[in-house]
Amino acid sequence: MSVTVVSSGGKFEMGFFKPGNLSKYYIGICTIKPVVAILGDDGNLILNGGSHLLWQSFDHPSHTFLPGAKLGYNKRTNTKQALTSWTNSEDPSPGLFSLEMEPNGRSVDRLNKTVEYWSTGPWSRKSNPTHNFTYINNTDEVYFSYYFFNPSVVSRFIIDVTGELKQLMWLNSTKQWNTFFVQPTQSCDVYGYCGAYGVCSKISSTRLCDCLPGFAPRSNKDWDLNSFSSGCERKSSLNCGNASAITLEEDKFRMHSHMRLSVDNHIRTIGSAIECESTCLNNCSCTAYAFDSKQLSNLGWRPFQLATTLRK
């Protein structure tokens, strides 16, 4: 007759055991109830330890936000249920774009979790004939959740590799996902959509991104998968700061219109466009400049000078 000691809550049991065909006995502690994994019809993977919830996938989303899950922020632990894009359409490792809930209740899209380029604004209760939206904001947490009145509807939100928030719905008639909602509506409004030295065109084309003159895609594989955030790189180096330069030609700038200033720009008080160009040319870390005689701090669309490999 074996004698064991059971914990007061009935979770653990201690006793003697003999592994395999060994003649020796050992003392050990084991759990009375093994962890059970349950995959629900809502897509949530739950790990239960007896009557206790140990872990669930809804608390750790990747790029997909399913009905019944939370997009939220825990005010006590400062943790988030945030969406993170894939690196590209073939690589599910964490990418550059994210959708997060802020403590004030705004949902924002960000590049590298820092640069905000789209926001829902403050959430409030919204009526919809097909959806039920839930918004909770209390002392413990703030979160947004939703589900469909018709349980046969299969839908999901994703933060795509393009940096866009999309709602996809499954159509049985075509056996494929249909895009029902997109924000931002213009891909070029996603900050860093084409990466460094990439140009995004709002004119409809087969590919929105291209490299500036003198540059080429840094990763042709990523660009072939319509993931452009790796950007472009110079085909040849500039003379500025290049001690091995064998020519006396100087770097110049090429004018590009309707470009947007980067968020890490530096503003200086300069008297003229010529002085602005000269100041940038004399600083090897300055790759581009824009001159606005009226209000330089207004970061809108404007002509933009970018240093390329052009020479005098």
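The values are calculated or read from the model by the stated rules, or taken from the named source; none is laboratory data. Note that the coordinates shown come from a computational prediction; the quantities given were computed from them, not determined experimentally. In this analysis, Cβ positions are derived from the backbone assuming ideal geometry, glycine residues included, and neighbour counts consider all displayed protein chains. Please note that ligands, DNA and RNA were not included when accessible areas were found on the heavy atoms of the full protein model with its side chains. Shrake-Rupley method; radii C 1.70, N 1.55, O 1.52, S 1.80 Å.
Here are a few things to note about the model shown:
- Verdict on LEU39 being among the aliphatic types (A, V, I, L, M), in contact with a helix residue (DSSP H, G or I) (Cβ under 7 Å, 6 or more places away or on another chain) and farther than 21 Å from GLY163 by Cβ: no
- Boolean, GLN81 is modelled with pLDDT of 90 or more, out of contact with any Asp or Glu (no Cβ under 8 Å at 6 or more places or on another chain), surrounded by 13 or more Cβ atoms within 10 Å (Cβ to Cβ) and more than 24 Å from LEU225 (Cα to Cα): no
- Of the criteria (1) modelled with pLDDT of 65 or more; (2) open to solvent by 40 Å² or more (accessible area, probe 1.4 Å), which one LEU299 fails: (1)
- Segment 236-256, residues that are at pLDDT below 75 and open to solvent by 50 Å² or more (accessible area, probe 1.4 Å): GLY241, ALA243, SER244, ILE246, THR247, LEU248, GLU249, GLU250
- Screening the candidates THR174, THR179 for the property of being open to solvent by 60 Å² or more (accessible area, probe 1.4 Å) and part of a strand (DSSP E or B) yields one hit, THR179.
Results for (1) of a type outside the set (Val, Ile, Thr); (2) out of contact with any Asp or Glu (no Cβ under 8 Å at 6 or more places or on another chain); (3) farther than 30 Å from ASN137 by Cα; (4) open to solvent by 30 Å² or more (accessible area, probe 1.4 Å), shown as yes or no for each residue.
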| position | (1), (2), (3), (4) |
| --- | --- |
| TYR25 | yes, yes, yes, yes |
| ALA37 | yes, yes, yes, yes |
| ASN48 | yes, yes, no, yes |
| GLN56 | yes, yes, no, yes |
| SER85 | yes, no, no, no |
| SER89 | yes, yes, yes, yes |
| GLY95 | yes, yes, no, no |
| GLY105 | yes, yes, no, no |
| TYR117 | yes, no, no, yes |
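- Options GLY72, GLY43; residue that is part of a strand (DSSP E or B) and either open to solvent by less than 50 Å² (accessible area, probe 1.4 Å) or at pLDDT 90 or above (or both): GLY72
- All of (1) at pLDDT 90 or above; (2) open to solvent by less than 70 Å² (accessible area, probe 1.4 Å); (3) not hydroxyl-bearing (Ser, Thr, Tyr) hold for ASP189 with one exception: (1).
- Any hit, segment 135-150, residues being among the aromatic types (Phe, Trp, Tyr), touching a residue at least 12 places away in the same chain (Cβ under 8 Å) and not in a strand (DSSP E or B): yes
- Subset tally (residues that are among the basic types (Lys, Arg) and either open to solvent by less than 60 Å² (accessible area, probe 1.4 Å) or touching a Phe, Trp or Tyr at 6+ places or on another chain (Cβ under 8 Å) (or both)) for segment 260-285: 1
- In segment 59-69, residue least open to solvent (accessible area, probe 1.4 Å) [restricted to those that are free of Cβ contacts under 8 Å to residues at least 24 places away in the same chain and assigned to a loop (DSSP other than H, G, I, E, B)]: PRO61
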